[in-house]
Amino acid sequence: MVFIGMDGAHSLAAFLTRAQASEDDAEALDVPVGAAVAAVQFEDDPNPVVVRLDSLLPEQPTLRLIEDLGAQSGPASLWQEGSLVVWVNADGAPQLMTFEGLDNPGDVQSARVRPLAEDGQPHPGMQQVRLEDLLPGVPATRLLAFEQNRVAEAAATHAQASEVQLALVDKLEERITFLELLVRAVRENGEVIPGDFPAAEQLAQNGVETLPGLRILVDGEQGRANLMALDAIGASRADKILAAVTALAPADPPAPEG
C-alpha cells in the first residue's frame, strides 16, 4: 500500500490486518474508539504501526500518479511546446489543440494554441486562449474517452429500456384486445354449450356458456391462443374445443347443377 501522511508525504507500507481502534489508537489518530483502522509495516520499521484506513491507497496506480505529478514540477514542464492539450470552449465542448507557448498580457495568463490539422487540409492558424481553459492532453483525452464511453453505454441502456417498454406495451395491447373479445363472448346469447362438450365446465368457469359466444373466441387466426388464454384451458383442451366447434359448423351447401 501507499501511506499518505497528514502533511501529504507518502511511503510504501505492507498491509497486515484490519482492526478496531483502542483508546490509545483513537486519541493518536483522532478517530472514535472502535473505528476501523489498519495495522501496517513500513520498510524501515519491523514493528507494526496502526494507521487510519483513509490514509492508505493501493500501490498501483498510486505510484504511477505520484511519478506523473513529480515530473510536472511547474508550468514549464506541464505545458510543453508542441504537446497535445484539450481546449474546453465556453459552452463545454472540447477540442484537441497543439500547445505553442504561454503569454501573459495584463493580469490574465493566456496561451497560444493551434488546432490539429485534418488530413489533406491546410495547417490551421494559431489561436490565443485562456490558460485556465486548457487541460493537459494525456489525462484529458483519457477523461474524454471515459465520458464518451459512459454516454454511449447510457444511450445503449436507454435503447434497451425503450425496447422492453415497447414490448410490454404490445403485450398489454394484446391482453386488452383479448379481454374485450372475452367480454363479448360472455355476453353473447344463444344456444347453451352442451354438458358433454369438450371442457364445457372450464369454459363455464370463464363465463363462456353459449356456442355463439364460444365462436367469437375461436374465430380467426388467434382462436387457439384465445382459448389457451382462458383459465384452466391448455393446449390439449384448446385443440379438442376447436375440433368440436368445427364439427358443429354447418356443412357447405351443395353446388347448383349446371
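The values are calculated or read from the model by the stated rules, or taken from the named source; none is laboratory data. Since the model is a prediction, treat every value here as computed from it, not as a measurement. Counting neighbours? That spans all protein chains shown, and the Cβs are built from the backbone with ideal geometry, glycine included. Side chains included, ligands, DNA and RNA excluded: accessible areas come from the protein's heavy atoms. Shrake-Rupley method; radii C 1.70, N 1.55, O 1.52, S 1.80 Å.
Tabulated data for the structure shown
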read-out	value
Every pair of residues 6+ apart whose Cβ atoms lie under 7 Å, when the first sits in the range 1-17 and is in contact (Cβ under 8 Å) with a residue 24 or more places away in the chain while the second is in a loop (DSSP other than H, G, I, E, B) and open to solvent by 50 Å² or more (accessible area, probe 1.4 Å)	M1/P58; L12/E43; A13/M1; F15/M1; L16/P48
Tally, over the range 193-221, of residues that are within 23 Å of R175 (Cβ to Cβ) and buried (at least 16 other Cβ atoms within 10 Å of the Cβ)	12
Selection status of V208, assigned to a helix (DSSP H, G or I) and β-branched (V, I, T)	no
Flag for R175 being over 39 Å from the mean Cα position of the chain (by Cα), open to solvent by 100 Å² or more (accessible area, probe 1.4 Å) and among the basic types (K, R)	no
The range 104-141 - residue that is of a type in the set (D, E) and at pLDDT 80 or above and, of those, surrounded by the fewest Cβ atoms within 10 Å (Cβ to Cβ)	E132
Test for G190: is it touching a strand residue (DSSP E or B) at 6+ places or on another chain (Cβ under 9 Å), among the small types (G, A, S) and either open to solvent by less than 100 Å² (accessible area, probe 1.4 Å) or modelled with pLDDT of 90 or more (or both)	yes
Hits in the range 45-67 - residues which are open to solvent by less than 60 Å² (accessible area, probe 1.4 Å) and modelled with pLDDT under 80	T62, L63, I66
